[in-house]
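The values are calculated or read from the model by the stated rules, or taken from the named source; none is laboratory data. What you are looking at is a predicted structure, and each value in this text was computed from that prediction instead of being measured. So basically every Cβ, Gly included, is an ideal-geometry build from the backbone, and we count neighbours across all protein chains shown. Keep in mind that these areas ignore ligands, DNA and RNA; they rest on the heavy atoms of the full protein, side chains included. Shrake-Rupley method; radii C 1.70, N 1.55, O 1.52, S 1.80 Å.
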Amino acid sequence: LTGVLDDCLCDIESIDDFNTFKIFPKIQKLQERDYFRYYKVNLKRPCPFWADDGHCSIKDCHVEPCPESKIPVGIKAGSSNKYSKVANHSKELEDCEQANKLGAVNSTLSNQSKEAFIDWARYDDSQDHFCELDDERSPDAQYVDLLLNPERYTGYKGPSAWRVWNSIYEENCFKPRSVYRPLNPLAPSRGGDDGESFYTWLEGLCLEKRVFYKLISGLHASINLHLCANYLLEETWGKPRWGPNVKEFTHRFDPVETKGEGPRRLKNLYFLYLIELRALSKVAPYFERAVVDLYTGNGHEDAESKALLLDIFRDTKSFHMHFDEKSMFAGDKKGAKSLKEEFRLHFKNISRIMDCVGCDKCRLWGKLQTQGLGTALKILFSEKEIQSLPENSPSKGFQLTRQEIVALVNAFGRLSTSIKELQNFKVLLQQTR
């Protein structure tokens, strides 16, 4: 891939260099910090759109829940103390039993942190959500250590996976009935449609609806890239070997095998990267305030985490070819407000579809990445509120919960990894030719 992306003035080579040398190494370090590695998620919410067809029984999808008695008091405190930093002095965190099945979502919590993780949930007054948020107080919500549960190929596919993506594309991407070609890029084309009429139609859409499709397509491409890059290559004597699968990558992205679709999908990945990069640069003032702490109870680590996050913000601001979100919803006020609300509700619906994913590990990462993108959109549409934040007190206007912060950073980390993996596949493809 080379050249300038559609709908923005940025070229792919600039993003590759910026990501490889500035963003990727730092975001990797940040994701390893305690504040960002624990994500609370409810993997038992029922699918709201169709009868549950049963969770997949593949061992790589399996979840081994952490017993309630093993979870530290500080974690269980939840959102009861909105901005409190008072530590509940609990005994050293105990290890949960390790999940004994390959690829199980490992819900154990590290015992390295000797202070309780207190009051991670931040109250949020804002109703401007782009995502359906999990109720953290639900007895089904549990903390998951993202480092112990890497996103990778689980073998989850077939009708259940197909229905999820089909619902996302067909019912939520502003498609008129006059377009017969399925929006789902995995769908076989109908009749003699080579796809060009579809893209002619797409270019005819207003910018906002075109952007919406590109965000979803970019997210789909990124998830596919993770699965190709972290593929179960072989399993001998019960020991799995994971790594990049060039054949799978070619199947999903090669211009010939995908009838020209592959490069378009990858361009949409870069477009999504730019959108989330822009959101990070816009939200910096929120975190630059002294009142905002990345609080885990370990003062030294918390200070280092915040310093690293602010360092990443400085890098995002230094990038000189940002997407200009001011070009969106810029028409007459009534029409723009209506379109923004439609945009928000469509995306919220997609976040609800994630509860229909049959594989728990896929559901975990699907929910995290859609919540991360939803948080990015919330930021981009809250610029005035962010600029008017009080310096020394919690704001009533714009708020981010800890869940949103963790999702935002990890979702962008996934995109950064995707673009890095794309460089690796480029080298591997050259070696196989």
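Observations
- The stretch 29-45 - residue that is in a helix (DSSP H, G or I) and within 16 Å of the chain's Cα centre (by Cα) and, of those, farthest from Q369 (Cα to Cα): L30
- Scanning the stretch 240-274 for residues that are at positive phi and assigned to a helix (DSSP H, G or I) gives no hits.
- I275 modelled with pLDDT of 95 or more and either closer than 22 Å to G413 by Cα or surrounded by 15 or more Cβ atoms within 10 Å (Cβ to Cβ) (or both): no
- S338 being hydroxyl-bearing (S, T, Y), assigned to a loop (DSSP other than H, G, I, E, B) and farther than 18 Å from I312 by Cα: no
- Among the residues making up the stretch 384-424, those that are part of a loop (DSSP other than H, G, I, E, B) and within 20 Å of the chain's Cα centre (by Cα) are Q399, L400, T401.
- Check on A290, open to solvent by less than 20 Å² (accessible area, probe 1.4 Å) and at negative phi: no
- When residues in the stretch 143-155 are screened for being touching a helix residue (DSSP H, G or I) at 6+ places or on another chain (Cβ under 6 Å) and open to solvent by 40 Å² or more (accessible area, probe 1.4 Å), 1 of them pass.
- Count of the stretch 310-335 residues which are assigned to a helix (DSSP H, G or I), open to solvent by less than 20 Å² (accessible area, probe 1.4 Å) and within 21 Å of I216 (Cβ to Cβ): 1
- With respect to the stated conditions, D7 is within 19 Å of L415 (Cβ to Cβ), part of a loop (DSSP other than H, G, I, E, B), of a type outside the set (A, V, I, L, M) and modelled with pLDDT under 85.
- Members of the stretch 221-239 that are open to solvent by 10 Å² or more (accessible area, probe 1.4 Å) and in a helix (DSSP H, G or I): I223, N224, L227, A229
- Going through (1) open to solvent by 10 Å² or more (accessible area, probe 1.4 Å); (2) modelled with pLDDT of 80 or more one by one, N298 falls short only on (2).
- P150, sole failed condition from (1) modelled with pLDDT of 75 or more; (2) closer than 22 Å to I350 by Cβ: (2)
- Restricting the stretch 162-177 to residues that are at pLDDT 80 or above and open to solvent by 20 Å² or more (accessible area, probe 1.4 Å), the residue that is nearest to the chain's Cα centre (by Cα) is W165.
- Among the candidates V427, V406, residue that is in contact with a strand residue (DSSP E or B) (Cβ under 6 Å, 6 or more places away or on another chain) and aliphatic (A, V, I, L, M): V406
- Only one entry of L186, L202 meets the criterion of being modelled with pLDDT under 55, closer than 26 Å to F249 by Cβ and not hydroxyl-bearing (S, T, Y), and that entry is L186.
- Within this structure, I27 passes the test of being hydrophobic (A, V, I, L, M, F, W, C), at pLDDT 85 or above and open to solvent by less than 70 Å² (accessible area, probe 1.4 Å).
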